[in-house]
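Worksheet: one structure, shown below.
Throughout, read-outs are computed from the coordinates displayed, never taken from laboratory work. All figures in this text were calculated on a predicted structure; none of them were measured in a lab. In this analysis, Cβ positions are derived from the backbone assuming ideal geometry, glycine residues included, and neighbour counts consider all displayed protein chains.
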Amino acid sequence: MTIEWETLLAPYKQAVNEMKIKLKGIREQYQLSSRHTPIEFVTGRVKPVSSIIQKAERKNIPLDKIEEQMQDLAGVRVMCQFVGDIDTVVGLIRDRTDFEIVEERDYIKHKKRSGYRSYHFVLRYPVHMIEGGEKRILVELQIRTLAMNFWATIEHSLQYKYSGKIPREIEERLERAAEAAFLLDEEMSQIRGEVQEAQQIISKKRGSMEKS
Ligand code: 0O2
């Protein structure tokens, strides 16, 4: 079976771009209203074809079923400063009417065995097509703190390096690092008020310097 990957993935690329603009729009609204923004930054990607093929083989997904069965062809990630910000973003996503929530996975309350923590949504997102009508595709949205993201990025590189078979000794270190990232999030949440006050002072100072 030959797949026209560029054509198949085009709506996914569009959905990622649209979602990034919408989430950055939320961040800008918070910044304009001088309130603490729960969104620090947003990234997104369409899964590379080589990763799609590898994952399809690993999970026994026939290539003609990937659009229904692979939920992260389009992936968007929101990074937050504090764990509490994740709840705010989750609330904002649940309130939206421009896409539908298919599934929610809370890997923060129920962290994965690897130590992975993040909040996942699977969304059904409408992409408007030039032929008329809309194509409703799946988008995975991950929401995590900066500390969770640091850990996940490092662990992901190691998984890649060791083809998913990380040596036990490094796995143990990763478990300890996951615990340290968790404690960092806890500590930061305790001094959240102090941090936010400092950030407000800095942003006001920047604003007045830009005016003068
Ligand atoms: P990439 O390279 O991030 O695009 P599975 O993929 O089998 O683990 P499933 O059912 O597809 O699981 O969904 P899940 O676990 O909710 O979400 C998959 C994505 O979450 C992964 O995408 C990662 O981005 C992230 N993720 C899940 N578990 C871990 C983990 O233990 N460590 C890290 N670093 N990330 C994780 P992919 O497909 O791995 O690809």
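Farthest toward the positive end of the dipole of the stretch 5-200, out of A152, Y125, I21, is the Cα of A152, where the dipole comes from beta carbon charges about the Cα centre. Long hydrophobic helices in the chain: none of the complete DSSP H runs spans 27 Å or more by Cα along its own axis with mean Kyte-Doolittle hydropathy of at least 1.0. Considering only the stretch 5-200, what is the antiparallel percent among its DSSP beta bridges, to the nearest 5? Of all bridge pairs located within the stretch 5-200, approximately 75 percent are antiparallel. Taking a ≥ b ≥ c as the square roots of the Cα gyration tensor eigenvalues, the stretch 59-143 comes out oblate, since a/c reaches at least 1.5 and a/b does not exceed b/c.
Note on the stretch 1-22 and the stretch 116-143: Cα centroid distance 10 Å, given to the nearest whole angstrom.
Based solely on its DSSP helices, what 222 nm [θ] is calculated for the chain when runs of n ≥ 4 H residues each add -39,500 (n - 2.57) and the sum is averaged over all residues, nearest 500 deg cm²/dmol?
-17500 deg cm²/dmol
Taking Lys and Arg as +1 and Asp and Glu as -1, the other residues whose beta-carbon sits under 12 Å from that of Q29 total +3.
Summing charges over neighbours of T153, with a neighbour being any other residue whose Cβ is under 12 Å away from its Cβ, gives +1 when K and R count +1 and D and E count -1.
In this Cβ point-charge picture (+1 for Lys and Arg, -1 for Asp and Glu), the stretch 5-200 has a dipole of about 440 debye about its Cα centre. Taking a ≥ b ≥ c as the square roots of the Cα gyration tensor eigenvalues, the chain comes out oblate, since a/c reaches at least 1.5 and a/b does not exceed b/c.
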